[in-house]
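One structure is given below, encoded as structure tokens.
Values in this text are rule-based calculations from the coordinates and carry no lab data. What you see is a predicted model; the values in this text were computed from it and never measured. Note that we place each Cβ from the backbone using ideal geometry, even for glycine, and neighbour counts take in every protein chain shown.
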């Protein structure tokens, strides 16, 4: 760093703290050869970068139902996730803006025995909102909540691999797994698994909302709103800047936009893509677009004809003009997929070659290889899979015609789509919100024995690598294994990954933040503790 | 039905049909003329849509939300389809669906209403109780449920809306018919030994027609609105079919974005205007008809 | 027995029958809907295991007839049951507790609208009948027809644009809660009330005008005219009393609409009313809540119609004093 920059940075820091005035700073900057405009922008940027306390943050979320409950096992979506987890609570670990897992309630964690045994140390000095310190017993009870035989928790299947879960002293939790899993710390970062206080009877108190997070629950009105006030004793330094936070469930996208335009909320998620240009043109607001882990896919059952032939699968993969669909249906918002379900922002993600782009001639070639002149099949879709699924399928039908493929688009009812169509019909539209690790995603949807293996794809080499990589603690070796797995899936699997969908959100200009996380919407669902007003 | 001696029953008209129509039209007020012109224009657009529309119904012809120009008279919609073409195709779908739905609901509700008024007894009781129950369930929510049960196909939509609407028609038809069936001429026809069909279609129906036609005008327009509301709530007519109600709902977010360039009116205004104009037109004609049949003399 | 009392008792009896039929129809429709409560809550993440656990806790693993009979038995004992959401935990949410604040909000909005809309439409209707075929009549007619013919959400968004976004005079969000002060509640509910007023005034005004004009042709009105009674007096004193019955019917219909039919307006303004609750509960298959909402809607409809009938009897001497 040269001397001028150093001087300026120091001056800026002082200016932000109020030690020198804006005019003094500008004079100094001009003296060191910086233009007035640049000096001004440096100054305001520094202001925005420096977190400030205060204000009531109001967020409009496009989810929320009257059936929402405080039970974290049943948190269905962004509303409960962001409000009742990201604002109110902490898990054992969390995923930072770069996609790495770091300790949250756990101060540290380490594995032994080929990642089969995990020991988590509970952070000292963390207290629940009622002042009670967090102990290993609370952690055990919180996770046990999802594991009982009659558990209705969405996290139940995630925790299946745990054989032994016990507290070892007041601040140590020990996990023993069925097999090695180097990514286990990621698992316990899930938003269904906040740490809650244990009750005298051994169960956990999920009802009261007494948690550890940056904000305390004031009132939760399911399907309407949730209000929070600052937790003065929050353990994380430099987090939780607002005095109060309010979440509103506004499911209608137009109403959400209007609430933002009329100044009733400061932040909205799930912007309407149709009118995004108009919103972006409005200088009072900032639109953010983060490519997350979620992806819109069409999945075929590879055990059924004609999809059991890999050449047919390749022909289908080359018959879709993903760019055209992205432009027309999603107004250019998103990243085209390449038949790899691992988002580019996930650790160990690769972009396999050759890229599956629209190529009718290549599709025809593959059809010929399969011994076919033309191909016709049914595609079952519904906007319940992802909004835009029907329109995309209709466009795809047009693209595929040129490759001699006739897609018969069947529009299935929205209600019960996941029960009656997905995993039942041979070729369907599907959606994955994605997982933070390669292993987690692959184990959930592409492992031979996965409950949600929606392509019914069983590849021996892939499954071998999956198990091997899970307990591999040497990173370069693991990276190589994961690269090979993604390549196999790309070349052989039954998924057509149309695109990774972005989180498109908008907020008022006067908000500051660090690097925005990609693992969930709303800055990894933890916007309330990570953002501030400038 | 007995077919002999038709001379007894048919009274020769003093004027031919055409003379009657001309006489009636000559006395029509401006508002009725306006209404009739609107209806004729709409029906023409609906019938000749493929020849009138410059582009296809779901053809993507350009960028999204272009302002009106010589190429696209009303501009383009959210995915770059020609709005004018979609409006014209929308006339065909919207009016077609509304017409079929309303006719069906009047066929079911009207017939049942008159029949129960005539017969009374257990049939009347049973039908009336069921209709009461259906009337007491909110239409929109019930339609949502039924569409979820039977699937969102257009045919299902028409049948469900017709069925729900027919309960309203039934009540009106039954109530008005009850006043008519006690009239002497109906008694006389009964004594003459006329069949049910004769009594319903020749004696009762002509005499309850005015209120039924008024209702028809309103019901017809309410079908658009119900479809618009259903589209708003996420069911209703599925894209890419052009339907005015759905077109308004699809571009709802645009209503509140400020209009930027002057000649450019936001997309949802056109279909909304189309609906409003047709409703006003139809009801002007209905009002005039009502006025004529009420026996009220014009006073200037 | 007094004719009014007789009608009331008769109608209430029939009303109970109607309520019963409604509950059967709604229950049957819910049963026919694809997917159940557990699937609706768990979505894509439903595994047979968790679905079974859910269903067992909620009692959905028993036959439909048993569940219906049990439900109706409890209703007869005044117990609306518990929402499926939260069942199995320590905080059970009773249906009445869930519905009460929503019902209050819905009635609040309905009353607020009715207080403005009913007198306004009567006034406009009488004026239109009085000066029929004048420019006033035509203009009011066209305007009301246009508001009838415009989708509710369109009107709502337009009002929101002018009054909440362009000029920030009102709120665009009508989120209220139990501890919202009365005045703020009214302020927040102003735009939804205005929207609903525009929607229902047209219908009521047109019916008032039509009923009055219908009577103008009757012999006694001609008589009054011949006698030289001023037109205004003839309409207000002679026609209006005879037109109360149809007017009351249409007012009852519209008031019922204010309670049962406003889900679209609730969605646009994010007003926590009972319509949204019912739509939510239908999509999550929360049977006890859906049933309770349906019964409330049906009861509202029945009671309002009954009131309209009473008005018709009271204003019609022939019905009030039968031979």
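Please say if the stretch A:135-176 is rounded, prolate or oblate, where rounded means a/c under 1.5 for a ≥ b ≥ c the square roots of the C-alpha gyration tensor eigenvalues, and otherwise the choice is prolate for a/b larger than b/c and oblate otherwise?
prolate
If I take R0 = 22 Å and measure r between the Cβ atoms of residue B:63 and residue A:323 in this structure, what FRET efficiency does the formula 1/(1 + (r/R0)^6) give, to the nearest 0.05?
Result of the calculation: an efficiency of 0.90.
Taking the DSSP beta bridges in the protein assembly as shown as the whole, what percent of them are antiparallel, to the nearest 5?
Counting only bridges with both partners in the protein assembly as shown, antiparallel ones make up about 80 percent.
Return, ordered by residue number, the residues of the stretch A:211-234 whose backbone nitrogen is under 20 Å from a label point located 7 Å along Cα→Cβ of residue A:127.
Zone members listed by number: A:211-218, A:229-234.
Across the residues of A:405-414, average count of Cβ atoms on other protein chains within 10 Å?
Averaged over the peptide's residues, the number is 3.
What's the ranking of C:133-141, C:61-69 by average number of surrounding C-beta atoms within 10 Å, highest first?
Going by the mean number of other Cβ atoms within 10 Å, highest first, we get C:133-141, C:61-69.
Under 13 Å from the 7 Å Cα→Cβ point of residue B:190, by amide nitrogen: which residues of the stretch B:119-141?
B:119-121
Looking only at the stretch A:450-477, which residues have a backbone nitrogen under 11 Å from a spot 7 Å from the Cα of residue C:47 in the C-beta direction?
Residues A:450-452 qualify, since their backbone N sits under 11 Å from the label point.
For the stretch A:385-534, what's the relative contact order in percent, using C-alpha pairs closer than 8 Å and at least 6 residues apart? Before the final figure, lay out each step's value.
Numbers: 104 pairs, mean separation 19.3, N = 150.
Relative contact order comes out at 13 percent.
What does DSSP give for the stretch A:292-502 in terms of the percent of beta bridges that are antiparallel, rounded to the nearest 5?
The antiparallel fraction comes to roughly 60 percent.
Can you give me the distance in nm between label points at residue B:129 and residue A:510, each placed 7 Å from the Cα along the Cα-to-Cβ direction?
That separation, rounded to one decimal, is 6.6 nm.
Looking at the square roots a ≥ b ≥ c of the eigenvalues of the Cα gyration tensor of the stretch A:103-155, which shape do they give, rounded for a/c under 1.5, prolate if a/b is larger than b/c, or oblate? Please report the intermediate quantities before stating the final value.
On the way: a/c = 2.70, a/b = 1.04, b/c = 2.60.
Cα axes put the stretch A:103-155 in the oblate bin.
Project the alpha carbons of the stretch A:134-289 onto their principal axes and report the range along each, largest first, in whole Å.
56, 35, 32
Once the cut-off is 19 Å, how many percent of the Cα-Cα pairs in the stretch A:377-434 end up in the long-distance tail?
Summing the P(r) tail past 19 Å for the stretch A:377-434 gives 26 percent.
Averaged over A:243-252, how many beta carbons belonging to a partner chain fall within 10 Å of each residue's beta carbon?
Numbers: counts 0, 0, 0, 1, 0, 3, 4, 6, 4, 12.
Mean number of neighbouring Cβ atoms from other chains: 3.
Given the -39500 (n - 2.57) contribution per DSSP H run of 4+ residues, what per-residue ellipticity at 222 nm results for the protein assembly as shown, rounded to the nearest 500 deg cm²/dmol? Working shown, then result.
Values: 44 runs with 585 residues, N = 1157.
Computed mean residue ellipticity for the protein assembly as shown: -16000 deg cm²/dmol.
Using the basic label-point model (7 angstrom from Cα toward the beta carbon), what is the residue A:449 to residue A:77 distance in nanometres?
With each label point 7 Å from Cα toward Cβ, the separation is 3.4 nm.
Report the FRET efficiency, 1/(1 + (r/R0)^6), for residue B:19 and residue B:183, where r is their Cβ-Cβ distance and R0 is 22 Å, rounded to 0.05.
My answer for the efficiency is 0.15.
Once every Cα of chain B carries one equal point scatterer and solvent is ignored, give the base-10 log of I(q)/I(0) from the Debye formula at q = 0.08, 0.10 Å⁻¹, two decimals.
Listed by q, the Debye log ratios stand at -0.46, -0.69.
Of C:128, C:53, C:85, which is the most mobile in a GNM of chain C whose springs link Cα atoms less than 10 angstrom apart?
C:53
What list of whole percents do you get for P(r) of chain A, with Cα-Cα distances grouped in 20 Å bins up to the one holding the largest distance?
Once binned at 20 Å, the Cα pair distances of chain A give 20, 49, 28, 3.
May I ask you to compute the full-extension gain from residue A:160 to residue A:203, defined as 0.36 nm times their residue separation minus their alpha-carbon distance, rounded to one decimal in nm?
Details: separation 43, 0.36 × 43 = 15.48 nm, distance 1.90 nm.
Roughly 13.6 nm would be gained on extension.
Run through every distinct alpha carbon pair of the protein assembly as shown and return the Kirkwood hydrodynamic radius in angstroms, one decimal place.
33.2
Under a crude label model (7 Å from the Cα following the beta-carbon direction), how far is residue A:370 from residue B:44 in nanometres?
5.2
Based on alpha-carbon positions alone, could you give the equivalent ellipsoid semi-axes of the stretch A:292-502 from the gyration tensor, as √(5λ), descending, whole Å?
Working: eigenvalues 135, 71, 57 Å².
Three semi-axes, in Å: 26, 19, 17.
Contact order normalised by length for chain B, with contacts defined as Cα pairs under 8 Å and 6 or more residues apart; what percent is it?
23
Would you work out if the stretch C:252-302 is rounded, prolate or oblate? Take a ≥ b ≥ c from the square roots of the eigenvalues of the alpha-carbon gyration tensor; rounded if a/c is under 1.5, else prolate when a/b is larger than b/c, oblate otherwise.
Taking the square roots of the gyration eigenvalues as a ≥ b ≥ c, the stretch C:252-302 is oblate.
Can you tell me the equivalent ellipsoid semi-axes for chain C? Use √(5λ) from the Cα gyration tensor, largest first, whole Å.
Over the Cα atoms of chain C, the semi-axes work out to 44, 27, 15 Å.
Rounded to the nearest whole Å³, what is the per residue volume of the convex hull around the Cα atoms of the stretch A:308-382?
127
Stretched out fully, how many nm does the piece from residue B:209 to residue B:119 gain, at 0.36 nm a residue minus the Cα gap?
Result: 30.4 nm gained on full extension.
Could you work out the relative contact order of the stretch C:253-323? I mean the mean sequence separation of Cα pairs under 8 Å and 6+ apart, divided by the number of residues, in percent. Spell out each step's value before the answer.
Values: 35 pairs, mean separation 20.3, N = 71.
Relative contact order comes out at 29 percent.
Averaged over peptide C:256-263, how many Cβ atoms belonging to another chain are found within 10 Å of each residue's Cβ? It would help to have the intermediate numbers written out before the result.
Values: counts 3, 2, 0, 1, 6, 5, 2, 7.
Whole-number average of other-chain Cβ neighbours for C:256-263 is 3.
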